[in-house]
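**Student:** My questions will all concern the structure given below.
Throughout, read-outs are computed from the coordinates displayed, never taken from laboratory work. Since the model is a prediction, treat every value here as computed from it, not as a measurement. Positions of Cβ are generated from backbone atoms using ideal geometry, with glycine treated the same way; all protein chains shown enter the neighbour counts.
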Amino acid sequence: MNSFDRVLDALKFKEVDRVPVIPQLTYASALWINRTIRECINDPEKQYKALVFAYKECGYDAIYAGWEGSFNLLANGMGAELKYQDENPPSVQEIPVSNLEKLDEFTNKNIKGGDINFVNFKGIDTNLKLIKKLKDNLNDVPIMSYVPGPFTYVGVINGLTNLMISIIRRPELIKNAMELIYDFVLRFSILKVEAGADFITIADPSSSSSIISPKNFQELGYPFLKRMISDLRAENKNLKVGIHICGNTKPIQNLIESLNPDYFEVDSLVPLDESRKIMGKTCLIGNIPPSDLNQKTKSEIRKLSDQCLNILDDNGFILSSGCEIVYGTPIENIKEMVISSLNHKI
């Protein structure tokens with residue numbers, strides 16, 4: 001059974017030869033080819049080298065084709081300036097939209113002749129070239145890529161504090177903003193699919209119950225996630241679409257399952273067994289804390305991996321980190337996740 005079949009069968013709760021392993025790993029791989037994160041920015045060849053090295057050294061089952069976070073990549077493509085660092089991923093240097101009532105001034109710059117035309121295509125183009133090269137050279141390995149959830153993306157371009165204030169004072173302003181940026185998020189996502197991404201993971205961390213109430217999620221983030229999943233599947237019937245929301249998602253997991261995603265990435269804050277009780281029909285991916293992968297010993301990571309595998313001893317599970325793996329994480333700890341899966345009896 002190759003990795004592609006193994007992962008697809010896990011998504012469908014079919015029997016697999018072993019539990020798939022897919023670490024949420026992108027820029028952290030730079031260290032393992034003796035590069036900094038900054039050195040690989042806008043260089044698809046270096047990114048490819050780092051990601052393929054990590055994949056081959058560790059033997060896991062899918063590759064996340066990305067570098068900077070998808071929110072920041074799209075914001076940069078639409079004109080926001082990014083701040084670059086050696087050991088941390090790029091971030092938006094200054095919010096480009098201080099007032100959501102003037103959001104159209106930001107979006108209109110990215111329209112030409114009635115069509116979407118990103119004003120700064122360099123970073124997006126780098127990502128598309130990376131996806132294409134990975135797909136062309138690794139046919140039996142799922143190529144995955146993140147895209148931003150509309151609710152979180154509004155917070156990236158307007159500032160998280162401003163987003164939280166608007167939830168209380170003017171929630172209709174957020175809804176209008178999401179409508180205005182939706183087509184740009186969708187176009188960004190479709191470009192990744194056209195480049196060869198097999199799986200698209202919609203990342204919507206600001207929808208977490210650690211940040212907003214379940215009611216706010218149901219009224220704001222949820223409808224746009226539902227629309228995105230539908231629109232992406234209409235674009236490509238073979239595409240797999242999942243969701244990633246950081247932090248505590250237990251209060252909204254019933255809503256997430258009602259979206260009918262192909263998979264859900266569970267943060268380490270939520271015990272896997274509790275998630276399974278709520279999300280009995282969705283393949284769960286998780287959930288070793290990235291801080292543990294970064295700091296703990298190989299033997300400790302083996303124990304944590306074994307715990308995850310023993311908790312969810314079913315066919316609808318993929319072993320992973322609970323969130324993005326950070327730069328500086330020892331590659332040996334990623335290998336331990338795979339070794340644990342190889343030794344685990346289903």
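**Student:** If N is the number of residues in the stretch 207-346, what value comes out of its Cα radius of gyration divided by 2.2 N^0.38 Å?
**Tutor:** Values: Rg = 15.8 Å, N = 140, 2.2 N^0.38 = 14.4 Å.
In units of the globular-protein estimate, the stretch 207-346 measures up at 1.10.
**Student:** For the chain, with the dipole built from +1 on Lys and Arg beta-carbon atoms and -1 on Asp and Glu ones, taken about the Cα centre, which of 230, 99, 327 lies farthest toward the positive end?
**Tutor:** So the residue we want is 230.
**Student:** Determine the calculated [θ] at 222 nm for the chain from helices alone, applying -39500 (n - 2.57) to every DSSP H run no shorter than 4 residues and normalising by the residue count; nearest 500 deg cm²/dmol.
**Tutor:** Only helices count here, giving -14500 deg cm²/dmol.
**Student:** Right, another one. Looking only at 262, 115, 314, which one moves most when the chain is put into a Gaussian network model with springs between Cα atoms under 10 Å?
**Tutor:** Result: 115 has the largest fluctuation of those listed.
**Student:** Kirkwood hydrodynamic radius for the chain: how many Å is it when counted over pairs of different Cα atoms?
**Tutor:** Radius from the Kirkwood sum: 20.2 Å.
**Student:** Then there is this: Going by C-beta contacts inside 10 Å, put 109, 132 in order with the fewest on the left.
**Tutor:** Placing the least packed residue first, the sequence is 109, 132.
**Student:** Could I ask something else about it? Counting other C-beta atoms within 10 Å, which of 335, 237 has the fewest, and how do the rest follow?
**Tutor:** 237, 335
**Student:** Which residues make up the longest stretch of the chain that has no GluC sites (Glu not before Pro) in a DSSP loop with at most 16 other Cβ atoms within 10 Å?
**Tutor:** In short, 95-346.
**Student:** May I ask which of 46/175; 12/56; 46/192; 49/83; 132/281 have a Cα-Cα span longer than 28 Å here?
**Tutor:** In this structure, 46/175; 132/281 exceed 28 Å between Cα atoms.
**Student:** Equivalent-ellipsoid semi-axes (√(5λ), Cα gyration tensor) for the stretch 1-104, whole Å, largest first?
**Tutor:** So the equivalent ellipsoid measures 33, 20, 9 Å along its semi-axes.
**Student:** Could you give the size of the charge dipole of the stretch 1-93 about its Cα centre, using +1 on the Cβ of each K and R and -1 on the Cβ of each D and E, expressed in debye and rounded to the nearest 20?
**Tutor:** 60 debye
**Student:** Would you work out the charge dipole size for the chain about its Cα centre, treating the Cβ of every Lys and Arg as +1 and the Cβ of every Asp and Glu as -1, and quote it to the nearest 20 debye?
**Tutor:** Dipole magnitude for the chain comes out near 160 debye.
**Student:** Another question, if that's okay. For the chain, what is the relative contact order in percent, using Cα pairs closer than 8 Å and at least 6 residues apart in sequence?
**Tutor:** Relative contact order of the chain: 21 percent.
**Student:** So, one more: What percent does the relative contact order of the stretch 110-218 come to when contacts are Cα pairs within less than 8 Å and at least six residues apart?
**Tutor:** Numbers: 93 pairs, mean separation 41.2, N = 109.
In percent, rounded to a whole number, it is 38.
**Student:** Where Rh denotes the Kirkwood radius from the mean inverse Cα pair distance, what is Rg over Rh for the stretch 50-187? Don't skip to the end; give the middle numbers.
**Tutor:** Details: Rg = 16.8 Å, Rh = 16.4 Å.
Rg/Rh: 1.03.
**Student:** A further question on this structure: If you take all C-alpha pairs in the stretch 184-277, what percent of them are over 16 Å apart?
**Tutor:** Roughly 53 percent, once rounded to a whole number.
**Student:** On to the next question. Provide the percentage of antiparallel DSSP beta bridges, counting only those with both residues in the chain; round to the nearest 5.
**Tutor:** Bridges in the chain that DSSP calls antiparallel: roughly 15 percent.
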